[in-house]
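The values are calculated or read from the model by the stated rules, or taken from the named source; none is laboratory data. These numbers were taken from a predicted model, which means no experiment stands behind them. Reconstructed Cβ throughout: ideal geometry from the backbone, glycine too, with neighbour counts over all protein chains shown. SASA here: full protein model, heavy atoms, side chains in, ligands and nucleic acids out. Shrake-Rupley method; radii C 1.70, N 1.55, O 1.52, S 1.80 Å.
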Amino acid sequence: MTGTGLDVDGVTLTAGAHHLVRDVSLTAGPGEVIGLVGPNGSGKSSLLRAVYRVLRPDSGSVRVDGADAWSLSVRRVARTLAAVVQDPGTGFDLSAREVVAMGRAPHKRLLDADTAEDAGLVEWALAAVDASDLAHRPVDRLSGGERQRVLIARALAQQPGLLVLDEPTNHLDIRHQLEILGLLRRLPATVLVALHDLNLAAYHCDRLYVLHEGEVTASGPPEAVLTAELLAEVYGVAAEVAVHPGTGAPQVTFLPGEPAAAARGRA
Amino acid sequence: MTAPARTAPTAPHARGAPDRRDRLRARGFAPVLMVLGALLLVSLTAGVAIGSVRVPPGEVWGIVAQALGADRPSPPRSPARETIVLDVRAPRVLLGAVTGAGLAVVGTAMQALVRNPLAEPYLLGVSSGASLGAVTVIVFGVGLFGPVSLSAAAFAGALLTLLLVYGTARAGGRITSVRLVLSGVAVAAVLSAVTNLLMLTTGRGNEAREVLAWTLGGLGGVRWSTLWLPGAALLLGVGILLAHARSLNLLLAGEEAATTMGLDVARFRARMFVLLSLVTGVLVAAAGPIGFVGLMLPHVVRLLVGGDHRRVLPAAALGGAVFLVWADLAARTVAAPMEIPVGVLTALCGGPFFLWLLRRDALRNTGRGVT
């Protein structure tokens, strides 16, 4: 198996009278890497929270491998779906290795001991994010980038068929950004990832969904989605999009000044 | 498992020299447990041996062995010493060990459950709630079933208080240290006031004095016949918490992350709150509200064995037992023949520790602020 399919169908999320996400549908086939882009406050994190089963949709459904995520137990979902969420820090002196070992929890019963296989998976996950030498350091005293890699390792140790990541490249230096995104592509898992950097998203994702004010404005392969018009409309910025001769992926260059007059008029 | 096969060169900046704490941790868990276990045996012996009448350690164990079925020695010992060891000191020292272990374990779990290093039963007002429950039973004399009804009332008081403080401190899915400690302090103040009111208006002088001594935390006056309840509560608490140690670990990652790793956070927390209230209630009913043991021990133990609850819980239990046995020994010897309530002594150590912890956390948070 190369990954678990995800179907988000007509999901609406509200906070009080305010819509966080309105009627969003999204699919990810087994093994696909799907990027979620959009400005701050566009609903990316809320949508991801609905997918990883923390925020219950007001309407619509989230199906993981064909089954409704909200009709399965938390534990059952956690055996196929892992998430890298925005980190609130622990404050309790856990070592990086202990944090990564948490990822084995959904595969364990109450009194199960850790096996050699668990230990091996933890070592592998740490190595995969280039964090083996952090294993015995307390996570609270790691840098933001180091901690982020440890959290990704924790998700890997969960052996997910579907991996959901909220801005995983935050705090990472450029080398680790490229390494992590390259790693996501090689994993035998479906990946849904919210990203800020459009060029990274364009190069590493099979398809992109663009969220704007809680709705999907565009979706499809990066070269079809990332256009100057869309960037002007969604982000309110002027940009040029070219195809990079080496990678073949679209390459966004932001330009100073207001977006072209053709774009949505701003008050 | 198809592991991506790559060996990245490691950036030099990623390597940090292991510091003192890391080295302590690398020494492993088994030696720490053995040292703590040995320390507990020594402490128990000292607790029984030292007092107004000194009994040599060898004789202490001789008397214990005899009570367990060994032959009488010749020449025979003085029966007075046997009484002191078996009927006066041994139950008291054991209650100290059980209470210390229980409070340390409850504090450890409570800190994980509210995800705050300042949590412990006394500071959160849970002990005050338990006291009020117990005092109500004493004053209104509804103690039909002796220690059991006392413990049951203390359990109810503890649970209600914990829910009240937690509900007050939690807003928008988050608990800040300030809200937690303030609501704990406020609730404790109200509950203590009610307790005092009950004692002052009871009109039965003897009972009021008895209750007052008890509310300061003390291990005196315990008998073998009342020791089984705290002992059972401790075993139950440690056993269940150890079985759920992995889930307690998950809580440290945050509620959302814990959910994505398969923990039903709300349900787990509710169950654990009941368990912690039960253990706290029984211990408070037996020994009075003894503060700060549940605050200090978890932090000290984490320095030794790291943050994994599978290690912290057993080590905290042993450490808490050792600590309270010595605290009680000090309480009844430093001002002999007067006896200081042991709760006064633990507060003397714990108060400054709390302030240090508060300051350390404040510094850490400002240090992290921007990144």
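Please state the shape class of region B:31-106: rounded when a/c is under 1.5, otherwise prolate if a/b exceeds b/c and oblate if not, all from the C-alpha gyration tensor.
It is prolate, given that a/c is not under 1.5 and a/b is the larger ratio.
Could you let me know the centre-to-centre spacing of region B:29-46 and region B:282-314, using Cα atoms, in angstrom?
Centre-to-centre (Cα) distance: 16 Å.
Calculate the spin-label point distance for A:Arg76 paired with B:Ser225, positioning each point 7 Å from the Cα along the beta-carbon direction, and give it in nanometres.
It works out to 5.4 nm between the two label points.
Specify the longest stretch of chain B that does not include any exposed loop site, a site being one of the trypsin sites (Lys or Arg not before Pro) with a non-H, G, I, E, B DSSP assignment and at most 12 other Cβ atoms within 10 Å.
For trypsin sites (Lys or Arg not before Pro) (loop position, at most 12 other Cβ atoms within 10 Å), the longest site-free span of chain B is B:55-222.
Using the alpha-carbon atoms, what tilt in degrees (0 to 90, nearest 10) does helix B:90-113 show relative to the longest principal axis of chain B?
Approximately 20 degrees, to the nearest ten.
Under the rule a/c < 1.5 gives rounded, and otherwise a/b versus b/c splits prolate from oblate, where does region A:36-91 land using the Cα gyration tensor?
Details: a/c = 2.12, a/b = 1.22, b/c = 1.74.
Cα axes put region A:36-91 in the oblate bin.
Placing one identical point scatterer on every Cα of region B:77-361 and ignoring solvent, what is log10 I(q)/I(0) from the Debye formula at q = 0.09, 0.12 Å⁻¹?
So the normalised log intensities are -0.40, -0.71.
Using the Kirkwood formula on the Cα atoms of the protein assembly as shown, what hydrodynamic radius do you get, in angstrom to one decimal?
27.4 Å
Give the Rg (one decimal place) followed by the Dmax (whole number) of region A:49-174, computed from C-alpha coordinates and expressed in Å.
Looking at region A:49-174, its Cα Rg and Dmax stand at 15.1, 45 Å.
Could you put A:Phe254, B:Phe354, B:Phe273, B:Phe323 in order of accessible surface area, largest first, with the 1.4 Å probe and the full protein assembly present? Write down the numbers at each step before the final one.
On the way: A:Phe254 115, B:Phe354 30, B:Phe273 5, B:Phe323 55 Å².
Ranked list, largest accessible area first: A:Phe254, B:Phe323, B:Phe354, B:Phe273.
Using label points projected 7 Å from each Cα along Cα→Cβ, tell me how many nm separate B:Met34 and B:Leu163, to one decimal.
The answer from the label model is 4.7 nm.
Given H placed on each backbone N at 1.01 Å, which residues far from A:Arg137 in sequence or on other chains put an amide H within less than 5 Å of it?
Placed amide hydrogens put A:Ala96, A:Arg97 under 5 Å from A:Arg137.
For chain B, what does -39500 (n - 2.57) per DSSP helix run (n ≥ 4), summed and divided by total residues, give at 222 nm, in deg cm²/dmol to the nearest 500?
It lands at -23500 deg cm²/dmol.
Tell me, what is a quarter of the convex hull surface for the C-alpha atoms of region A:6-221, in nm² with one decimal?
Mean projected area for region A:6-221: 12.0 nm², to one decimal.
Take B:Ser149 and B:Val274, extend 7 Å from each Cα along the Cα→Cβ direction, and tell me the distance between the two endpoints in nm.
According to this spin-label approximation, the distance is 2.4 nm.
Using a Förster distance of 45 Å, how high is the FRET efficiency between B:Val194 and A:His196, based on the Cβ-Cβ distance and rounded to 0.05?
0.25
Mean separation of Cα pairs under 8 Å and 6+ residues apart, divided by the residue count of region B:209-322: what relative contact order is that in percent? The partial results should precede the final answer.
Details: 74 pairs, mean separation 43.8, N = 114.
It rounds to 38 percent for region B:209-322.
Can you give the FRET efficiency to the nearest 0.05 for B:Ala336 and A:Asp173, using r as the Cβ-Cβ distance and R₀ = 60 Å?
0.40
Set the Förster radius R0 to 22 Å, insert the Cβ-Cβ distance between B:Ser52 and B:Arg72 as r into 1/(1 + (r/R0)^6), and round the FRET efficiency to 0.05.
The value I calculate is 0.30.
On C-alpha positions alone, give me the angle between the axis of helix B:57-67 and the longest principal axis of chain B, in degrees, nearest 10.
It is inclined by approximately 80 degrees.
Using only the heavy atoms of the protein chains and a 1.4 Å probe, how would B:Tyr122, A:Tyr203 rank by accessible area, largest first?
Largest to smallest exposure gives the sequence A:Tyr203, B:Tyr122.
Using only Cα atoms and rounding to the nearest 10 degrees, what angle (0 to 90) does helix B:177-201 make with the longest principal axis of chain B?
The two axes meet at around 20 degrees.
Leaving ligands, DNA and RNA out of it, rank A:Leu226, B:Leu68 by accessible area with a 1.4 Å probe, largest first. Don't skip to the answer; put the middle values down first.
On the way: A:Leu226 5, B:Leu68 150 Å².
These residues rank, largest area first, as B:Leu68, A:Leu226.
Per 0.36 nm of contour for each residue apart, how much would the distance between A:Asp58 and A:Thr227 grow if the chain were fully extended, relative to their Cα-Cα spacing?
57.6 nm
Please give the calculated 222 nm ellipticity per residue for chain A, where each DSSP H segment of at least 4 residues contributes -39500 (n - 2.57) and the sum is spread over every residue; nearest 500 deg cm²/dmol?
Numbers: 9 runs with 78 residues, N = 267.
Dividing the helical sum by the residues of chain A leaves -8000 deg cm²/dmol.
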